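Down below is the structure, laid out as structure tokens.
The values are calculated or read from the model by the stated rules, or taken from the named source; none is laboratory data. Just so we're clear, the structure is a prediction, and the values are computed from it rather than from any experiment. Reconstructed Cβ throughout: ideal geometry from the backbone, glycine too, with neighbour counts over all protein chains shown.
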Amino acid sequence: MTTTERAAGTAPQERRAAGVALMLGSALANQTGAATGALAFPVVGPAGVVAVRQWVAGALLLAVGRPRLRSFTARQWRPVLALAAVFGTMNLTLYSAIDRIGLGLAVTLEFLGPLAVALAGSRRKPDLACALAAAGAVAVLARPQPTTDYAGIGLALLAAACWAGYILLNRTVGRRLPGVQGTAAAAGASALAYLPIGVLAFAHHPPTTAALGQALVAGVLSSAVPLLVDLLALRRVPAAFFGVFMSVNPVLAALVGLVVLHQHPDAAAWTAIAVIVAANSVVAGRRAPAVS
């Protein structure tokens, strides 16, 4: 084998290794951002942190997408505004759930959203088994205990429903508007809607410099970094592999919650997290389109 042939053989492996490193960095940044934002909850509350995150996401996506807002038709604006509402609700319910039940459990339950979308309409036995396994894991997480926070679990499940809606609306927006114009417009609209929410949150809970810094870090790590890094990763790995790898997020969330926030899920919770991650991985791998 010549040097050129060996180089050609190793290039795809190097690209995939770089892609895996980027995806891992993106997921770690996302969960570290959420944990950093949680540190500001005692001062500004989840609403204050989410307001800053939405402002960061809106400014970033508007700068990247540069949507031509004046050219949007009513047919295009309807799903864009619905996407903005779902986006804002999803983050607020998720961060409120993190405040009540911890980062690992909240993110794990939120992942039921994309799992539900992937399973919708399926009648295959392996998919049915994954759905039953995920339902059993949720039952374990919600089992009655003196410390069970049903409101927190409900908020996380609402975040999951919002994520499912976010996926479906993004598809509609993508069909009606070119590039990322629709998503950028939705992020901008959500950021605008959060202006009064942020003002009210900060009026009732005056922010400190440290809390504002933590909220800003959450916005950068959970919005800006994943947006850029995921685009770079998708140039190096197949979309199918990317979808499966996303399932690592609940595990990283639990680990980051353990290290940064000192949250300690019990053995049953760790098992439930593992089951939901496995179900997501199996379904994502089966549903993703083949890549040549």
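Scan Leu192, Leu200, Leu232, Leu227 and give me the residue that is surrounded by 16 or more Cβ atoms within 10 Å (Cβ to Cβ) and out of contact with any strand residue (DSSP E or B) (no Cβ under 8 Å at 6 or more places or on another chain). Unique residue meeting the criteria: Leu227.
What residue, among those in the range 77-87 that are within 21 Å of Leu157 (Cβ to Cβ) and crowded, with 24+ Cβ neighbours inside 10 Å, is farthest from the chain's Cα centre (by Cα)?
Taking the range 77-87 as the starting set, the residues that turn out to be within 21 Å of Leu157 (Cβ to Cβ) are 82-83, 85-87.
After this cut, where a residue has to be crowded, with 24+ Cβ neighbours inside 10 Å as well, the list is 83, 87.
Numbers: Leu83: 15, Phe87: 10 Å.
The extreme case among them is Leu83.
Take the conditions among the small types (Gly, Ala, Ser), more than 30 Å from Thr209 (Cα to Cα) and at pLDDT 95 or above and apply them to Ala82. Does it pass? Considered against the rule, which asks whether it is among the small types (Gly, Ala, Ser), more than 30 Å from Thr209 (Cα to Cα) and at pLDDT 95 or above, Ala82 comes out as yes. Looking only at residues in the range 247-287 that are touching a Phe, Trp or Tyr at 6+ places or on another chain (Cβ under 8 Å) and among the small types (Gly, Ala, Ser), the one that is farthest from Glu110 (Cα to Cα) is Ala254.
Could you list all residues from the range 118-170 that are among the β-branched types (Val, Ile, Thr) and surrounded by fewer than 17 Cβ atoms within 10 Å (Cβ to Cβ)? Lay out the reasoning, then the answer.
The first filter runs over the range 118-170 and keeps only residues among the β-branched types (Val, Ile, Thr), leaving 138, 140, 147-148, 153, 167.
Within the range 118-170, Val140, Thr147, Thr148, Ile167 meet the criteria.
For the range 238-273, a residue qualifies if it is at pLDDT below 85 and either more than 26 Å from Glu14 (Cβ to Cβ) or not in a helix (DSSP H, G or I) (or both), and exactly one does: Pro238.
Taking helices (runs of 4 or more DSSP H) that do not extend beyond the range 111-210, which have at least 1 residues that are more than 20 Å from the chain's Cα centre (by Cα), under 30 Å from Ser71 (Cβ atoms) and touching a residue at least 12 places away in the same chain (Cβ under 8 Å)? In the range 111-210, the matching helices (runs of 4 or more DSSP H) lie at 150-176, 181-204. Here Pro42 clears all of (1) in contact with a helix residue (DSSP H, G or I) (Cβ under 9 Å, 6 or more places away or on another chain); (2) part of a helix (DSSP H, G or I); (3) within 18 Å of Gly188 (Cβ to Cβ) except the condition numbered (3).
Only one of Ile101, Ile153 is in contact with a Gly (Cβ under 8 Å, 6 or more places away or on another chain) and over 23 Å from Ala284 (Cα atoms); which? Explain how you work it out, then say what you get.
On the way: Ile153 fails: in contact with a Gly (Cβ under 8 Å, 6 or more places away or on another chain).
When all the criteria are applied, what remains is Ile101.
Listed here are the residues, each with its yes/no results for (1) touching a Cys at 6+ places or on another chain (Cβ under 8 Å); (2) closer than 13 Å to Gly219 by Cα; (3) at pLDDT 90 or above; (4) among the small types (Gly, Ala, Ser).
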| site | (1), (2), (3), (4) |
| --- | --- |
| Arg6 | no, no, no, no |
| Gly9 | no, no, no, yes |
| Gln13 | no, no, no, no |
| Ala17 | no, no, no, yes |
| Gly25 | no, no, yes, yes |
| Ala40 | no, yes, yes, yes |
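Could you say whether any residue in the range 211-219 is more than 20 Å from the chain's Cα centre (by Cα), buried (at least 17 other Cβ atoms within 10 Å of the Cβ) and modelled with pLDDT of 95 or more? Yes, the range 211-219 contains a residue that is more than 20 Å from the chain's Cα centre (by Cα), buried (at least 17 other Cβ atoms within 10 Å of the Cβ) and modelled with pLDDT of 95 or more.
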